[in-house]
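Engineer: Quick one: the structure is below, and I'll ask about it shortly.
The values are calculated or read from the model by the stated rules, or taken from the named source; none is laboratory data. Keep in mind it's a predicted model, so treat the numbers as computed, not measured. Please note: Cβ atoms are built from the backbone with ideal geometry, for glycine as well, and neighbour counts cover all protein chains shown. Just the protein is used for accessible areas: all its heavy atoms, side chains included, with ligands, DNA and RNA removed. Shrake-Rupley method; radii C 1.70, N 1.55, O 1.52, S 1.80 Å.
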Amino acid sequence: MKEIKHILILTPGFPRDENDSVCIPPLQDFLLHFRSRFRNVEFTVVAFQYPFDKSLYKWNDISVFSLKGRNLKRDKIFVWDGALTIAKYLAEKKKLDVVHSLWFGECAFIGNRIASKFNVKHICTLMGQDVSAKNFYLRLLNKNKMTVVALSHNQKVLFNKLTNYEVDTEIFWGVPSQEYNYDAHRDIDLLGVGSLIPLKNFGLMIKIVAQLKNHFPELKCKLIGSGSESERLLKLCSKMKIERHFEFLGNQSRENVFGYMRRSRILLHPSLFEGSAMVFAEALANGMNIVSFNVGYARETHKWKIANDENDMLDKVRDLLSSNLNHQPVNLFPIESTVEAYAKIYGIIN
């Protein structure tokens, strides 16, 4: 074990308190489990945009600086200056060994500045839609000044295609194993979880349910999430005459999401793109089977069917609904492996 490390996390958002379970859950799980495993590591978090008030507070005994960016362009320069000032303060106190930025965007931009100025290592974790041709930071930033971490093989391939650079390593966002009675009755046939935006493609879920309702007259489906597509999806559900089979649940706490997962047979995730999709790992850990396209973490197993197109997705869902499904939990992405992998690139263990 090496000496104490002080790690600065740069992130667009962070939970405002310990009860804010829906703000970047993988980061929350990671920090809690990392500190449990390596008690001589200190984290400081700088949240650029959210919470929407400027403050210094404690989250599970971790210091958090909220810079109140509120996604306003006019305040961006002040947010960046605030992050640099905090880094300078930590460096002067000899409390800056590693800077770890999330998303290949402004946090990575400032992370490079901090790493160069104070001669520390910079690690940037790709998160999802930041790996896009629309993201000018992919062209702007010097990738040789950072260790780039992809969440999945699919994300790694796309990053290389867009930048001609290879990521340095792949580390998935892991989840804790769940403890519950997996033999309990599952009264929900299909569950969807995610933001109701075009990219998540939940209109396809509604169309699939409409085609299945005659074959499965007691079919029960629920969709968790909210977003710009909410009204359109509600109208589509009405047009397809599946209101008896399909319920919109809106946003739910993470605890409630897990509760619905433990009542559900199949996660239907028709998203067209994912950096990782932690919902896959959470669904498997809660005993669900999955049907998805080849996005994010996707990997074919006896509990996870990868569809080639919309018709294939319909066929795979129909086959699973007709099957005697196994709901034993499977954790393909354990949080312990995530912690160990980052400990190595932080320089805490060999």
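Engineer: Name the one entry in 77, 86, 114 that is surrounded by fewer than 22 Cβ atoms within 10 Å (Cβ to Cβ), of a type in the set (A, V, I, L, M, F, W, C) and within 13 Å of residue 46 (Cα to Cα).
Structural biologist: 86
Engineer: Related question: For residues in the range 301-344 being in contact (Cβ under 8 Å) with a residue 60 or more places away in the chain and among the small types (Gly, Ala, Ser), which is least open to solvent (accessible area, probe 1.4 Å)?
Structural biologist: 343
Engineer: Tell me which residues, restricted to the range 172-187, are within 24 Å of the chain's Cα centre (by Cα) and of a type in the set (A, V, I, L, M).
Structural biologist: Within the range 172-187, just 175 meets the criteria.
Engineer: Report the residue count in the range 134-157 for those that are open to solvent by 70 Å² or more (accessible area, probe 1.4 Å) and of a type in the set (A, V, I, L, M).
Structural biologist: Of the residues in that region, 2 qualify.
Engineer: If you scan the range 195-207, which residues turn out to be out of contact with any strand residue (DSSP E or B) (no Cβ under 7 Å at 6 or more places or on another chain) and either of a type in the set (A, V, I, L, M) or open to solvent by 10 Å² or more (accessible area, probe 1.4 Å) (or both)?
Structural biologist: Across the range 195-207, the qualifying residues are 195, 196, 197, 198, 199, 200, 201, 204, 207.
Engineer: From the list 183, 189, pick out the single residue that is of a type in the set (Asp, Glu) and open to solvent by less than 30 Å² (accessible area, probe 1.4 Å).
Structural biologist: 189
Engineer: Scan the range 1-37 for residues that are surrounded by 19 or more Cβ atoms within 10 Å (Cβ to Cβ) and outside any strand (DSSP E or B) and report the count.
Structural biologist: 10
Engineer: Right, something else. Looking at this structure, is residue 117 among the charged types (D, E, K, R) and at pLDDT below 95?
Structural biologist: Answer is no for this residue.
Engineer: I'd like to check something: does the range 65-73 contain any residue that is open to solvent by 30 Å² or more (accessible area, probe 1.4 Å) and closer than 19 Å to residue 140 by Cα?
Structural biologist: Checked the range 65-73: at least one residue is open to solvent by 30 Å² or more (accessible area, probe 1.4 Å) and closer than 19 Å to residue 140 by Cα.
Engineer: Please find, among 253, 226, 264, the residue that is farther than 20 Å from residue 189 by Cβ and either modelled with pLDDT under 95 or buried (at least 17 other Cβ atoms within 10 Å of the Cβ) (or both).
Structural biologist: 253
Engineer: Which one is nearest to the chain's Cα centre (by Cα), of the residues in the range 268-280 that are among the hydrophobic types (A, V, I, L, M, F, W, C) and surrounded by fewer than 24 Cβ atoms within 10 Å (Cβ to Cβ)?
Structural biologist: 278
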